[in-house]
Structures are given as structure tokens and as C-alpha cells.
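Q: Just dropping this structure here.
The values are calculated or read from the model by the stated rules, or taken from the named source; none is laboratory data. What you are looking at is a predicted structure, and each value in this text was computed from that prediction instead of being measured. Virtual Cβ from ideal backbone geometry, glycine too; neighbours counted across all protein chains shown. Just the protein is used for accessible areas: all its heavy atoms, side chains included, with ligands, DNA and RNA removed. Shrake-Rupley method; radii C 1.70, N 1.55, O 1.52, S 1.80 Å.
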Amino acid sequence: MNIQRIVAYAYKEWREIARDRLFFSLAFIVPPMLMVLFGVGLSLDVEHIPFVVLDQDKTQESRDYAARFSSGVFFNLEGELTDPKQLDELMARGKVRAALIIPNGFGRKLAANQPAEVQTVIDGTFPSRALTTKGYIDAINAQASLDRIGQLISHTTGMTEDAARKRLSPVKLSVRYLYNEAVESLWSLGPKLLMVILMVAPPFLTALGVVREKETGAIFNLYASNLTRGEYLLGKLAPYVGISFLNSWVLWLIALWGFGVPFRGSMLFFSLASVIYVLCTTGIGLLVSIVTRSQVSAMIVTAIITIVPAVLYSGVLIPVPSLGPTGQVIAHLLPAMYYTDIAVGCFLKGNGLKELWQECLVLALYSFTLFTLGYRFMTKRPKQ
């Protein structure tokens, strides 16, 4: 294997990338742009839910109860309705996601120390957000009920309302959040977005770079040259691996400085793991380039085999243990899940080689397998 030929071919490939505006943009502009767009536009926080109130009681008690829902960050009061038909229209148009209906007699029943019923209507189009909204409503209603009972006990016994509420809630729950103390979805999404973008961009670059030579006929120069398969693969893929590794640093900086995600792990270990992951995803692009002959088909195949696993089977949106049995098997057969664990572990948990060596080993075996297959099926003889 001739090192000079490898370096010369790698330099030639780099010049092709730098000369082609589309490739240059795909290599250096698109990954950071995707990181920013996804980070700004994608949020799993369920806050500022638009809701309306239909107060049919019109009493001080009903107004006080409704005011509890607009005092925090969870709900945004969009207005008060006077006709139930307005609610159907607003819900159908997606203008509101929840509604509070207070029937007649609410204040009268509370004054008589009787149970008073209210109704909430929640848009179930997004089930997970609907369940979270229901949890918020249950918590606010429970606090309102506790305050009301505390007032009744205070009036009856002369005990202060705070003391009465403590009597009603003898067990005080204290919650502490680990790793993501602010419970910010962006802290969780930031490291995972590195996985998604590094799963998509390197295969696209590699697949298009090789297939482009097939379309333009430049591949025949390889067939006629004295380059070996190994020299060709090393020289061809080295620039893409280097560019993708550089992008991993850029994305790391965006997550750290742009999104405010804390990094608590070892930068050396994270860099090493990123190199292994980039080799893995570059190997995916190599295999795609072998089985496709046009850039359009290469883009379609690459999109299918990278975007779907990166989003559905990696833990970005749905935790892997929450997937079905088949989904969990698929997740463990793909590299995305393992780098997700590495990225989240390095950023939020401060994990290193001791905790994540198995994930690195799987990615290394995956990379070795992909490049072995690529070397095996790459030929210097043109296919007829």
C-alpha cells in the first residue's frame, strides 16, 4: 500500500469538494444549519398551552378557580367563552388545546360545603401532550381542593390554613432531578441532535462523492490506474471522515455555547467515540455507493436507511425501553442508539470509557464490518 498515492488521491478528493459549491455546502454549512434549526424549532417542553374558560356560574368562586390555570407558565388564557358552540369551533381549528367548563351552581355548592364538579376538554390529537396537559390540570385541581379543605378546617377549628393543609398532607414529597436539573428539553435534545446529524451528513457526502464519479465517468480513471482497492477507499474516504469529525466539534460547540447544554465528560473520550461513530456512518455511505449508480438513488437510499433509524430507533423522541419488543431489537441492531447513549452520557452524566466502553466496542465492530463489506464488494472492474 503506497502512502503517497493515498495522500494524493485524498488531496484530489478534497479539491473536488472545495470546488463544488453543492458539496462544500453539504459538507460545512448544512450540518450546523440543521443543528440550529432543529434546536430552535424542536421542543418537548409542554408549556404555554392555549386554553379558554367557559364560566357558566359567574361567581367569585368560579373566577378564583379559573384564575389558578392562568397564573403559571403551563397555560395561556386565550379568552372566556359565552357559548359552548364557540368551543367546538376553536378546538376544530386548533386555536386552543384545552378548555375549562365551570357549570352553574359551582359557587353555591362550594358555599354549602358540597362537592362541585367542573369539566375539562383536552385536544387529544397529540396523545403525549394531552396526557401531560391532563397531569397539569389534575395537579392544579388537587391544590385547589386542598386549599378549600384547609379553609373549611381553619374556620371550624380555628387552626391556621397552613397548619390545616399540613395535616391533610402528612407526607411531603421532595423531588430532585439528576443530570438535567432545569428539566430543559433542549439539554436532552442537544446531544441527541449530534447523533442525528452525524448519522445523516457523512453517509450523504460519501455516497454522493463515490456515485458522482460513476455518473460523470471519472470512475474509469480508477479502473485504468494502478491504485489498489484499499488505496482508493482510504484516499476517497479520508476527506469525508475528516470533514465529519470537524463537524462533530462544530456541533459540540453549538450545543455547548448556543444551546447552553453542559458538558461534564472527557473531551478526549468524546472525540475518540465521535471518530468511531463517523467511521461507522461513513461506512454506511460507502455501502450505499456500491449498490447505487445515480446520485438521486443514492440520496433516496441514504435517507431511508439513516433518517428513520436516527429518529425512531435511537431514543431521540421515544426512549428505547418504551419501544415494543420488535422496535427494541431493531434499535439494538443499529448504531444510532449506541452513540446516543455516548453523547448523552458525556454531556449530562459525565460518563467516560468506564461506563461506555461497550457502546464504543459495538460502534467499532460496526465500523469494521461496514468497511470490510465495502472493501469486499468494491471492484476495479466496471460493472456491465
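Q: S271 fails exactly one of the following numbered conditions: (1) under 23 Å from the mean Cα position of the chain (by Cα); (2) buried (at least 20 other Cβ atoms within 10 Å of the Cβ); (3) among the small types (G, A, S). What is the number of that condition?
A: Answer for S271: the failing condition is (2).
Q: Among (1) open to solvent by less than 70 Å² (accessible area, probe 1.4 Å); (2) touching a Phe, Trp or Tyr at 6+ places or on another chain (Cβ under 7 Å), there is one condition E78 misses while meeting the rest; what is its number?
A: The one condition E78 does not meet is (1).
Q: In region 35-58, what residues are modelled with pLDDT of 90 or more and of a type in the set (D, E)?
A: D55, D57
Q: State all residues of region 86-96 that are closer than 22 Å to T132 by Cβ and open to solvent by less than 80 Å² (accessible area, probe 1.4 Å); if no residue qualifies, say none.
A: Once the filter is applied, which keeps residues that are closer than 22 Å to T132 by Cβ and open to solvent by less than 80 Å² (accessible area, probe 1.4 Å), region 86-96 yields L87, L90, M91, G94, V96.
Q: If you take the residues of region 241-268 that are among the polar types (S, T, N, Q) and in a helix (DSSP H, G or I), which of them is farthest from the chain's Cα centre (by Cα)? So that I can check it myself, show each step before the final result.
A: Keep residues of region 241-268 that are among the polar types (S, T, N, Q), which gives 244, 247-248, 266.
Now drop any that are not in a helix (DSSP H, G or I), which leaves 244, 247-248.
Numbers: S244: 20, N247: 18, S248: 17 Å.
So, considering only residues that are among the polar types (S, T, N, Q) and in a helix (DSSP H, G or I), the one farthest from the chain's Cα centre (by Cα) is S244.
Q: Under 6 Å between Cβ atoms, at least 6 apart or on separate chains: pull out the pairs that start in region 177-188 with a residue that is in contact (Cβ under 8 Å) with a residue 24 or more places away in the chain and end on any residue that is open to solvent by less than 80 Å² (accessible area, probe 1.4 Å) and of a type in the set (D, E).
A: S185/D45
Q: Continuing with the same structure: Could you grab me the full set of residues in region 118-148 that are in a helix (DSSP H, G or I), among the hydroxyl-bearing types (S, T, Y) and either open to solvent by less than 80 Å² (accessible area, probe 1.4 Å) or more than 19 Å from F51 (Cα to Cα) (or both)?
A: Residues satisfying the conditions are T132, T133, Y136, S145.
Q: Still on this structure: Looking at region 1-58, which of the residues that are more than 30 Å from M195 (Cβ to Cβ) and within 33 Å of the chain's Cα centre (by Cα) is most open to solvent (accessible area, probe 1.4 Å)?
A: Only one residue fits best here, namely P50.
Q: Taking region 283-333 as the region of interest, how many residues are open to solvent by less than 60 Å² (accessible area, probe 1.4 Å), within 17 Å of the chain's Cα centre (by Cα) and hydrophobic (A, V, I, L, M, F, W, C)?
A: Residues meeting the conditions: 6.
Q: Can you pull out every residue in region 332-372 that is of a type in the set (D, E) and either in contact (Cβ under 8 Å) with a residue 40 or more places away in the chain or closer than 11 Å to F270 by Cα (or both)?
A: Looking only at region 332-372, we keep the residues that are of a type in the set (D, E), and these are 341, 355, 359.
Residue satisfying the conditions is E359 alone.
Q: Going by the structure shown, is V96 among the hydrophobic types (A, V, I, L, M, F, W, C), at negative phi, touching a strand residue (DSSP E or B) at 6+ places or on another chain (Cβ under 9 Å) and assigned to a loop (DSSP other than H, G, I, E, B)?
A: Taking the combined requirement at face value, the residue satisfies it.
Q: Which residue out of P103, P115 is at negative phi and exposed (fewer than 15 other Cβ atoms within 10 Å of the Cβ)?
A: Result of the check over P103, P115: P115.
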